[in-house]
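Encoded as C-alpha coordinates, the structure appears first; notes follow it.
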Amino acid sequence: MPHEFRAPDWDTYKMEYKQPHREIEPPAAEIALVTQALEALVAQGILPCAEYDLARFAAFRQAVRDTFEIPWTAITPRLQRAIYAINAIVRPRAMVAAGVFCGNTFISNAGAAVGPGACYEAEDLVGLEIVAAEAARAEANVRRIDPTGRARILAADAVAFAATYDRPIELLYLDASAPGDQGKRIYLGILEAAYDKLAPGAIVLAHNSVNNAERLAAYLATVRDPRRFQNSLNLVLDGEGLEVSRR
Ligand SMILES: C[S@@+](CC[C@H](N)C(=O)[O-])C[C@H]1O[C@@H](n2cnc3c(N)ncnc32)[C@H](O)[C@@H]1O
(Lines give C-alpha, C1' and ligand atoms only; values in the text may rest on other atoms or scores of the structure.)
Protein backbone atom coordinates (compact mmCIF):
# COMPACT_ATOMS: atom_id res chain seq x y z
CA MET A 1 0.00 0.00 0.00
CA PRO A 2 1.59 3.34 -1.00
CA HIS A 3 1.96 6.00 1.66
CA GLU A 4 -0.60 8.74 1.39
CA PHE A 5 -2.07 11.71 3.24
CA ARG A 6 -5.73 12.12 2.25
CA ALA A 7 -7.93 15.09 3.15
CA PRO A 8 -11.40 13.95 4.23
CA ASP A 9 -13.00 16.25 1.63
CA TRP A 10 -10.46 15.74 -1.18
CA ASP A 11 -13.18 14.80 -3.68
CA THR A 12 -15.63 17.61 -2.88
CA TYR A 13 -13.02 20.40 -2.62
CA LYS A 14 -13.10 21.80 -6.16
CA MET A 15 -11.84 24.89 -7.96
CA GLU A 16 -12.92 26.58 -11.17
CA TYR A 17 -9.85 26.29 -13.43
CA LYS A 18 -10.55 29.76 -14.83
CA GLN A 19 -10.91 31.37 -11.39
CA PRO A 20 -7.59 30.55 -9.75
CA HIS A 21 -7.87 33.18 -6.99
CA ARG A 22 -11.38 32.42 -5.75
CA GLU A 23 -11.42 31.39 -2.08
CA ILE A 24 -12.79 27.85 -1.67
CA GLU A 25 -12.56 27.51 2.11
CA PRO A 26 -11.70 29.78 5.06
CA PRO A 27 -7.94 30.52 5.22
CA ALA A 28 -7.66 28.93 8.70
CA ALA A 29 -9.02 25.63 7.35
CA GLU A 30 -6.58 25.70 4.39
CA ILE A 31 -3.64 26.49 6.69
CA ALA A 32 -4.57 23.72 9.15
CA LEU A 33 -4.94 21.09 6.44
CA VAL A 34 -1.67 21.98 4.69
CA THR A 35 0.12 21.91 8.06
CA GLN A 36 -1.22 18.39 8.65
CA ALA A 37 0.06 17.37 5.22
CA LEU A 38 3.49 18.87 5.95
CA GLU A 39 3.57 17.03 9.30
CA ALA A 40 2.82 13.80 7.45
CA LEU A 41 5.83 14.51 5.21
CA VAL A 42 7.94 15.09 8.35
CA ALA A 43 6.70 11.80 9.85
CA GLN A 44 7.85 9.99 6.68
CA GLY A 45 11.30 11.60 6.88
CA ILE A 46 10.69 13.51 3.64
CA LEU A 47 10.80 17.01 5.19
CA PRO A 48 12.86 18.16 8.19
CA CYS A 49 10.09 20.37 9.63
CA ALA A 50 6.59 21.66 8.88
CA GLU A 51 7.05 25.38 9.60
CA TYR A 52 6.95 28.13 7.00
CA ASP A 53 6.27 31.88 7.19
CA LEU A 54 2.51 32.48 6.82
CA ALA A 55 2.88 36.23 6.19
CA ARG A 56 5.42 35.70 3.42
CA PHE A 57 3.13 33.13 1.83
CA ALA A 58 0.26 35.65 1.97
CA ALA A 59 2.48 38.28 0.29
CA PHE A 60 3.44 35.75 -2.41
CA ARG A 61 -0.20 34.79 -3.08
CA GLN A 62 -1.20 38.45 -3.34
CA ALA A 63 1.64 39.21 -5.78
CA VAL A 64 0.56 36.36 -8.07
CA ARG A 65 -3.03 37.57 -7.89
CA ASP A 66 -1.95 41.15 -8.74
CA THR A 67 0.56 40.47 -11.51
CA PHE A 68 0.11 37.09 -13.21
CA GLU A 69 -1.88 36.46 -16.37
CA ILE A 70 -3.36 32.97 -15.77
CA PRO A 71 -5.78 31.76 -18.47
CA TRP A 72 -6.50 28.66 -16.37
CA THR A 73 -4.79 26.51 -13.79
CA ALA A 74 -5.46 23.27 -11.96
CA ILE A 75 -3.31 24.32 -8.99
CA THR A 76 -5.82 24.67 -6.16
CA PRO A 77 -5.19 27.13 -3.32
CA ARG A 78 -4.33 24.15 -1.08
CA LEU A 79 -1.68 22.92 -3.50
CA GLN A 80 -0.32 26.41 -4.14
CA ARG A 81 0.26 26.71 -0.39
CA ALA A 82 1.70 23.20 -0.05
CA ILE A 83 4.13 23.64 -2.98
CA TYR A 84 5.30 27.03 -1.69
CA ALA A 85 5.72 25.63 1.83
CA ILE A 86 7.73 22.61 0.65
CA ASN A 87 10.10 24.95 -1.21
CA ALA A 88 10.29 27.32 1.76
CA ILE A 89 11.26 24.38 4.00
CA VAL A 90 13.66 22.59 1.59
CA ARG A 91 15.23 25.83 0.26
CA PRO A 92 16.60 24.28 -2.93
CA ARG A 93 19.62 26.09 -4.37
CA ALA A 94 18.69 24.70 -7.79
CA MET A 95 15.04 24.01 -8.66
CA VAL A 96 13.84 22.74 -12.05
CA ALA A 97 10.15 22.77 -12.98
CA ALA A 98 9.04 20.90 -16.12
CA GLY A 99 5.91 21.83 -18.11
CA VAL A 100 5.12 25.19 -16.54
CA PHE A 101 2.46 26.46 -19.01
CA CYS A 102 1.76 30.11 -17.96
CA GLY A 103 4.19 29.93 -15.04
CA ASN A 104 1.73 29.58 -12.15
CA THR A 105 3.13 26.22 -11.06
CA PHE A 106 6.68 27.49 -11.49
CA ILE A 107 6.14 30.52 -9.26
CA SER A 108 4.36 28.35 -6.65
CA ASN A 109 7.79 26.73 -6.25
CA ALA A 110 10.11 29.70 -6.99
CA GLY A 111 8.04 32.18 -4.97
CA ALA A 112 9.75 30.88 -1.84
CA ALA A 113 13.03 32.37 -3.15
CA VAL A 114 12.08 35.44 -5.23
CA GLY A 115 9.62 38.31 -4.91
CA PRO A 116 7.67 39.37 -1.83
CA GLY A 117 7.32 35.79 -0.52
CA ALA A 118 11.05 35.08 -0.60
CA CYS A 119 12.46 33.46 2.54
CA TYR A 120 15.90 32.44 1.19
CA GLU A 121 18.27 33.04 -1.75
CA ALA A 122 18.48 30.42 -4.46
CA GLU A 123 21.17 30.06 -7.13
CA ASP A 124 19.16 28.88 -10.13
CA LEU A 125 15.40 28.43 -10.57
CA VAL A 126 14.45 27.16 -14.03
CA GLY A 127 10.99 26.67 -15.54
CA LEU A 128 10.73 24.68 -18.78
CA GLU A 129 7.92 24.98 -21.30
CA ILE A 130 8.06 23.41 -24.77
CA VAL A 131 5.48 25.73 -26.39
CA ALA A 132 7.35 28.96 -27.16
CA ALA A 133 4.31 31.27 -26.83
CA GLU A 134 3.45 29.82 -23.41
CA ALA A 135 7.09 30.10 -22.31
CA ALA A 136 7.07 33.78 -23.34
CA ARG A 137 3.93 34.46 -21.31
CA ALA A 138 5.37 32.59 -18.31
CA GLU A 139 8.61 34.55 -18.58
CA ALA A 140 6.70 37.87 -18.68
CA ASN A 141 4.65 36.79 -15.65
CA VAL A 142 7.73 35.78 -13.68
CA ARG A 143 9.64 38.97 -14.57
CA ARG A 144 6.89 41.03 -12.94
CA ILE A 145 7.54 39.28 -9.61
CA ASP A 146 11.30 38.71 -9.97
CA PRO A 147 13.15 41.50 -11.76
CA THR A 148 16.49 39.89 -10.80
CA GLY A 149 16.39 37.07 -13.37
CA ARG A 150 17.31 34.42 -10.82
CA ALA A 151 14.02 32.73 -11.66
CA ARG A 152 13.93 32.10 -15.40
CA ILE A 153 11.74 30.40 -17.97
CA LEU A 154 13.20 28.59 -20.96
CA ALA A 155 11.35 27.47 -24.07
CA ALA A 156 12.80 23.97 -24.04
CA ASP A 157 12.07 20.25 -23.94
CA ALA A 158 12.35 19.17 -20.30
CA VAL A 159 13.82 15.75 -21.17
CA ALA A 160 16.65 17.26 -23.23
CA PHE A 161 17.24 20.01 -20.67
CA ALA A 162 17.41 17.59 -17.75
CA ALA A 163 19.96 15.47 -19.60
CA THR A 164 22.36 18.40 -19.96
CA TYR A 165 21.76 20.48 -16.81
CA ASP A 166 25.05 20.94 -14.98
CA ARG A 167 24.06 21.62 -11.35
CA PRO A 168 22.85 19.24 -8.63
CA ILE A 169 19.06 19.55 -8.68
CA GLU A 170 17.68 19.90 -5.13
CA LEU A 171 14.01 20.11 -6.12
CA LEU A 172 12.41 18.82 -9.32
CA TYR A 173 8.77 19.68 -10.06
CA LEU A 174 6.98 17.65 -12.75
CA ASP A 175 3.86 18.87 -14.56
CA ALA A 176 4.56 18.39 -18.30
CA SER A 177 1.85 16.87 -20.43
CA ALA A 178 2.98 15.57 -23.82
CA PRO A 179 0.60 15.58 -26.80
CA GLY A 180 -1.51 12.53 -27.62
CA ASP A 181 -1.62 9.37 -25.59
CA GLN A 182 1.73 9.95 -23.89
CA GLY A 183 0.39 12.79 -21.75
CA LYS A 184 1.74 12.67 -18.21
CA ARG A 185 3.71 9.48 -18.95
CA ILE A 186 6.48 11.89 -19.93
CA TYR A 187 7.21 12.40 -16.20
CA LEU A 188 9.18 9.15 -16.13
CA GLY A 189 11.36 10.22 -19.08
CA ILE A 190 12.11 13.55 -17.39
CA LEU A 191 12.84 11.82 -14.08
CA GLU A 192 15.21 9.30 -15.66
CA ALA A 193 17.03 12.08 -17.57
CA ALA A 194 17.42 14.06 -14.33
CA TYR A 195 17.98 11.15 -11.91
CA ASP A 196 21.81 11.26 -11.80
CA LYS A 197 21.66 15.01 -11.20
CA LEU A 198 19.32 14.78 -8.23
CA ALA A 199 21.29 15.74 -5.14
CA PRO A 200 21.18 13.27 -2.22
CA GLY A 201 17.93 14.01 -0.37
CA ALA A 202 16.52 15.94 -3.35
CA ILE A 203 12.74 16.35 -3.40
CA VAL A 204 10.69 15.46 -6.48
CA LEU A 205 7.12 16.77 -6.75
CA ALA A 206 4.69 15.30 -9.28
CA HIS A 207 1.35 16.98 -9.92
CA ASN A 208 -1.70 14.88 -10.93
CA SER A 209 -0.78 11.83 -8.85
CA VAL A 210 -4.51 11.23 -8.32
CA ASN A 211 -6.38 12.15 -11.52
CA ASN A 212 -3.59 10.77 -13.75
CA ALA A 213 -2.60 7.84 -11.52
CA GLU A 214 -3.14 5.33 -14.32
CA ARG A 215 -0.88 7.11 -16.82
CA LEU A 216 1.62 7.75 -14.03
CA ALA A 217 1.68 4.10 -12.89
CA ALA A 218 5.28 3.46 -14.04
CA TYR A 219 6.41 6.82 -12.64
CA LEU A 220 4.74 6.17 -9.28
CA ALA A 221 6.22 2.66 -9.11
CA THR A 222 9.67 4.20 -9.66
CA VAL A 223 9.47 6.85 -6.93
CA ARG A 224 7.91 4.31 -4.54
CA ASP A 225 10.76 1.84 -5.18
CA PRO A 226 13.05 1.96 -2.12
CA ARG A 227 16.04 1.14 -4.34
CA ARG A 228 15.50 4.44 -6.21
CA PHE A 229 14.00 6.77 -3.56
CA GLN A 230 14.20 6.94 0.23
CA ASN A 231 10.47 7.54 0.57
CA SER A 232 7.42 8.88 -1.22
CA LEU A 233 4.07 10.21 0.01
CA ASN A 234 0.98 10.94 -2.06
CA LEU A 235 -0.66 14.18 -0.89
CA VAL A 236 -4.34 13.86 -1.73
CA LEU A 237 -5.48 17.36 -0.78
CA ASP A 238 -7.67 17.67 -3.87
CA GLY A 239 -8.72 15.65 -6.89
CA GLU A 240 -5.41 16.32 -8.69
CA GLY A 241 -2.87 15.13 -6.11
CA LEU A 242 0.85 15.72 -5.54
CA GLU A 243 3.33 12.88 -5.08
CA VAL A 244 6.23 14.04 -2.90
CA SER A 245 9.36 11.89 -3.11
CA ARG A 246 12.79 12.08 -1.47
CA ARG A 247 15.83 10.75 -3.34
C1 LIG B 1 -1.22 20.96 -18.76
S2 LIG B 1 0.12 22.06 -18.60
C3 LIG B 1 0.35 22.13 -16.85
C4 LIG B 1 -0.60 23.07 -16.21
C5 LIG B 1 -0.48 23.10 -14.72
N6 LIG B 1 -0.86 21.83 -14.12
C7 LIG B 1 -1.35 24.19 -14.12
O8 LIG B 1 -2.34 23.85 -13.50
O9 LIG B 1 -1.05 25.38 -14.28
C10 LIG B 1 1.45 21.06 -19.14
C11 LIG B 1 2.46 21.83 -19.98
O12 LIG B 1 3.55 20.95 -20.29
C13 LIG B 1 4.10 21.40 -21.51
N14 LIG B 1 4.98 20.36 -22.05
C15 LIG B 1 4.63 19.22 -22.70
N16 LIG B 1 5.72 18.50 -23.03
C17 LIG B 1 6.79 19.19 -22.54
C18 LIG B 1 8.19 18.96 -22.57
N19 LIG B 1 8.71 17.87 -23.15
N20 LIG B 1 9.01 19.86 -21.99
C21 LIG B 1 8.49 20.98 -21.41
N22 LIG B 1 7.17 21.25 -21.38
C23 LIG B 1 6.33 20.37 -21.92
C24 LIG B 1 2.86 21.70 -22.35
O25 LIG B 1 3.14 22.53 -23.45
C26 LIG B 1 1.93 22.34 -21.32
O27 LIG B 1 2.01 23.75 -21.33
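The values are calculated or read from the model by the stated rules, or taken from the named source; none is laboratory data. Since we're looking at a predicted model, the values are computed, not measured. Note that we place each Cβ from the backbone using ideal geometry, even for glycine, and neighbour counts take in every protein chain shown.
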Restricting segment 55-68 to residues that are more than 12 Å from the ligand (Cβ to nearest atom) and under 19 Å from residue 101 (Cβ atoms), the residue that is surrounded by the most Cβ atoms within 10 Å (Cβ to Cβ): 60
Qualifying residue in segment 134-145 (condition: in a loop (DSSP other than H, G, I, E, B), under 14 Å from residue 97 (Cα atoms) and modelled with pLDDT of 95 or more): no
Residue 160 being more than 15 Å from the chain's Cα centre (by Cα), small (Gly, Ala, Ser) and surrounded by fewer than 18 Cβ atoms within 10 Å (Cβ to Cβ): yes
Residue satisfying all of: in segment 210-247; within 12 Å of the ligand (Cβ to nearest atom) and touching a helix residue (DSSP H, G or I) at 6+ places or on another chain (Cβ under 8 Å); nearest to residue 170 (Cα to Cα) among these: 242
Hits in segment 92-103 - residues which are surrounded by fewer than 24 Cβ atoms within 10 Å (Cβ to Cβ) and either touching a residue at least 40 places away in the same chain (Cβ under 8 Å) or touching a Ser or Thr at 6+ places or on another chain (Cβ under 6 Å) (or both): 93, 94, 101
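Using the structure shown, decide if residue 180 is over 17 Å from the mean Cα position of the chain (by Cα) and either in contact (Cβ under 8 Å) with a residue 60 or more places away in the chain or surrounded by 15 or more Cβ atoms within 10 Å (Cβ to Cβ) (or both).
Details: over 17 Å from the mean Cα position of the chain (by Cα): yes; either in contact (Cβ under 8 Å) with a residue 60 or more places away in the chain or surrounded by 15 or more Cβ atoms within 10 Å (Cβ to Cβ) (or both): no.
Taking the combined requirement at face value, the residue does not satisfy it.
Can you find a residue that is among the basic types (Lys, Arg) and over 25 Å from residue 151 (Cα atoms) anywhere in segment 83-93? It would help to see each step written out before you state the result.
From segment 83-93, those among the basic types (Lys, Arg) are 91, 93; that's our starting set.
Then keep just the ones that are over 25 Å from residue 151 (Cα atoms); that gives none.
No, the conditions are met nowhere in segment 83-93.
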Some residue of segment 79-91 being more than 9 Å from the ligand (Cβ to nearest atom) and over 17 Å from residue 242 (Cα atoms): yes
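Filter segment 128-159 down to the residues that are small (Gly, Ala, Ser) and free of Cβ contacts under 8 Å to residues at least 12 places away in the same chain, then identify the one that is farthest from the ligand (Cβ to nearest atom).
That would be 149.
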